[in-house]
Amino acid sequence: MSTDPILQDAWRRLATLAARPDAQRIRPLFAADPERARRFTVALDDLTVDFSKTSIDTEALVALLDLARAGGVEGFRARLFAGEPVNMTEGRAAMHMALRAPAGTTLKATLPGGVDDASALALAERKRMQAFVAQVHDGELRGATGQPFDTVLNIGIGGSDLGPRMASEALTLAHGPKLRARFLSNVDGHGFAALARELDPARTLVLVASKTFTTQETATNAQAARAWIAGALGEAAVGSHFAALSTNLKAVGAFGIAPERVFGFRDWVGGRYSLWSPVGLSIALAAGWDVFQAMLDGGHAMDEHFRSADFAVNLPVLLALVGIWHVNALGLRTHCVLAYDERLRRFPAYLQQLEMESNGKSVRLDGTPVAGPTCPVLFGEPGTDAQHSFMQLVHQGTQAIPVDFLLAARPDHDRPDAHLILAANAFAQAEALLRGKTRDEVEAEMRAKGVPEAEIARVAPHRVFSGDRPSTTILFRRLDGFTLGRLIALYEHKVAVQGALWGINSFDQWGVELGKLLASGILPELKPGGQPGTHDGSTTALLTRFRELRQE
Ligand code: F6P
């Protein structure tokens, strides 16, 4: 818990406002203020964020903005952009902004033992990537049999998969890919088996994406792909079919990938921020360089906005504060993201890592326990599919779950009617969450349909919606590369601001290490002749049963 009295006051003020009897009511706020929608909507050009359908009123907004100031968000933002080691457990900067900065920008990044000219390094590598993409698209770079590539297979996991997978899908679904993109992340061999059935090795370019180049899943899948290429085309073919995206150039060399096919980045790029780096090569190959560059430009535009806009109109800061209101003031520990856009179907999966790996922490920078909740559990699906699965719970379950709705005004297909149906559903869901349906309304509706009174009494309670369920709507003109870049950077900075206010390190992920370590101990036990190790009773029994079931 911070001992800064101004900050403590700001948190207390928030708690006091949240303790008001009507703190979760939203409809009365609209009734009291006809200007509410306008006053609680902020836009950056066409990118419009409406948080009026939350219970944040003027007093709460003032308190939240005070909290952002007292919580040192300005100082944190300055340190972030100055390339200071904000990832203090690893002594590293978090300088993914350099990857999307245009030529002429100077951004530095601290690492243990020195300071990088991050923007210069990023620009040089971007030029190499661009040349490589052009060579593949022009058919200058071909597979070992002389055939041009028709597929890029990205092998990676976590940040080396989720971002590239989400973005290439988002940016190719409307117009089709320049190169078909496939993604292999899970070590489960069923994934590779399915791809091996589908793909032609002679026309497949394999990208091994791994920041550390030590990740077990990626190493296993990369070896499988290597054997697949070598088996089909001969060992000599491997070099023409592989490229690597990594910070660990030594390990890449040991795998046998030639230096001209290795695209590097540095440790000031966190795994979940790496889609802007060479890890995004699959996006550029699938969607085209111009689209990838537009995504970088969109990310940079959001950086500039985050860096310069007053907190009261600063989209990442406001999105972070809306989250703080829900999580810390109102105690709502779940968050739902509904993109009404088929192209963003992997966006919630991508955000799960961004938000939960970054802010799923319970210890402050100084090692003391946090005073309250941090990252909420995040989930989501595209709309309208979500409406036919879990939205029942969001409307009528026992807990309020804040929702982010995302929607493009213009589609990139030629069925305007379908898009209007999609949009109508997005607006209707947000409105239904807000408005609800009272018992009186339900009864009147049933009476008008001639339903007998006894039946009304029996069923009416089940048809009541509480309403006053919060949502934020993010509306934009089109989902192009630029807007996708703005959206991703919007959430990245939102997460960073929340981390700063919670006083945690958003840029490490020690919580995933123990499982990795234990798995490497269990693996030899599972192999033929492996000796049982020492575990808790449940794990020992399950390992025994697993061995039995394999033998039966
Ligand atoms: O899950 C832990 C993690 O380190 C993520 O942060 C990262 O994105 C992922 O593993 C993959 O790591 P790498 O790119 O080094 O293979």
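The values are calculated or read from the model by the stated rules, or taken from the named source; none is laboratory data. Predicted, not measured: the structure shown is a model, and the values here were computed from it. Every residue, glycine as well, gets a Cβ built from its backbone with ideal geometry; the counts of neighbours run over all protein chains shown. Side chains are part of the model used for accessible areas, which takes the heavy atoms of the whole protein and leaves out ligands, DNA and RNA. Shrake-Rupley method; radii C 1.70, N 1.55, O 1.52, S 1.80 Å.
Some observations on this one:
- Residue 534 being open to solvent by less than 70 Å² (accessible area, probe 1.4 Å), over 27 Å from residue 299 (Cα atoms) and out of contact with any Lys or Arg (no Cβ under 8 Å at 6 or more places or on another chain): no
- Only one of 134, 167, 124 that is under 30 Å from residue 507 (Cβ atoms), assigned by the TED database to the domain that holds residue 281 and surrounded by fewer than 17 Cβ atoms within 10 Å (Cβ to Cβ): 124
- Of the strands (runs of 3 or more DSSP E) entirely within region 179-273, those holding at least 1 residues that are open to solvent by 60 Å² or more (accessible area, probe 1.4 Å) and in contact (Cβ under 8 Å) with a residue 24 or more places away in the chain occupy 180-184.
- Residue 195 being away from the ligand (no atom under 14 Å from the Cβ) and more than 21 Å from residue 87 (Cβ to Cβ): yes
- Count of region 413-437 residues, restricted to those that are surrounded by 14 or more Cβ atoms within 10 Å (Cβ to Cβ) and outside any helix (DSSP H, G or I), is 2.
- Selection from region 54-70 of residues that are more than 20 Å from residue 469 (Cβ to Cβ) and open to solvent by less than 10 Å² (accessible area, probe 1.4 Å): 63, 67, 68
- When residues in region 374-397 are screened for being assigned to a loop (DSSP other than H, G, I, E, B) and either surrounded by fewer than 15 Cβ atoms within 10 Å (Cβ to Cβ) or out of contact with any helix residue (DSSP H, G or I) (no Cβ under 8 Å at 6 or more places or on another chain) (or both), 3 of them pass.
- Test: residue in region 55-71 that is modelled with pLDDT of 95 or more, in contact with a strand residue (DSSP E or B) (Cβ under 7 Å, 6 or more places away or on another chain) and of a type in the set (A, V, I, L, M, F, W, C): no
- Those residues of region 113-125 which are part of a helix (DSSP H, G or I) and in contact (Cβ under 8 Å) with a residue 24 or more places away in the chain, in sequence order: 118, 121, 122, 125
- Residue count for region 274-310, restricted to those that are open to solvent by 10 Å² or more (accessible area, probe 1.4 Å), more than 18 Å from the chain's Cα centre (by Cα) and not hydroxyl-bearing (Ser, Thr, Tyr): 13
- Flag set for residue 484, criterion: in contact with a Leu (Cβ under 7 Å, 6 or more places away or on another chain), among the hydrophobic types (A, V, I, L, M, F, W, C) and either open to solvent by 10 Å² or more (accessible area, probe 1.4 Å) or more than 16 Å from the ligand (Cβ to nearest atom) (or both).
- Qualifying residue in region 36-46 (condition: free of Cβ contacts under 8 Å to residues at least 12 places away in the same chain and surrounded by 14 or more Cβ atoms within 10 Å (Cβ to Cβ)): yes
- Filtered by the rule that a residue be within 16 Å of the ligand (Cβ to nearest atom), farther than 18 Å from residue 262 by Cβ and part of a loop (DSSP other than H, G, I, E, B), region 127-174 gives 157, 161.
- Yes/no for residue 30 being in contact (Cβ under 8 Å) with a residue 12 or more places away in the chain, of a type in the set (Phe, Trp, Tyr) and under 30 Å from residue 289 (Cα atoms): no
- Being open to solvent by less than 30 Å² (accessible area, probe 1.4 Å), assigned to a helix (DSSP H, G or I), modelled with pLDDT of 95 or more and closer than 26 Å to residue 10 by Cβ is not true of residue 99.
- Of all residues in region 198-211, exactly one satisfies the criterion of being under 25 Å from the mean Cα position of the chain (by Cα) and either away from the ligand (no atom under 16 Å from the Cβ) or closer than 23 Å to residue 522 by Cβ (or both), namely 210.
- On the stretch given as region 212-251, residues that are within 13 Å of the ligand (Cβ to nearest atom) and over 27 Å from the mean Cα position of the chain (by Cα) total 1.
- Yes/no for residue 409 being under 30 Å from residue 378 (Cβ atoms), without any contact (Cβ under 8 Å) to a residue 60 or more places away in the chain and surrounded by 12 or more Cβ atoms within 10 Å (Cβ to Cβ): no
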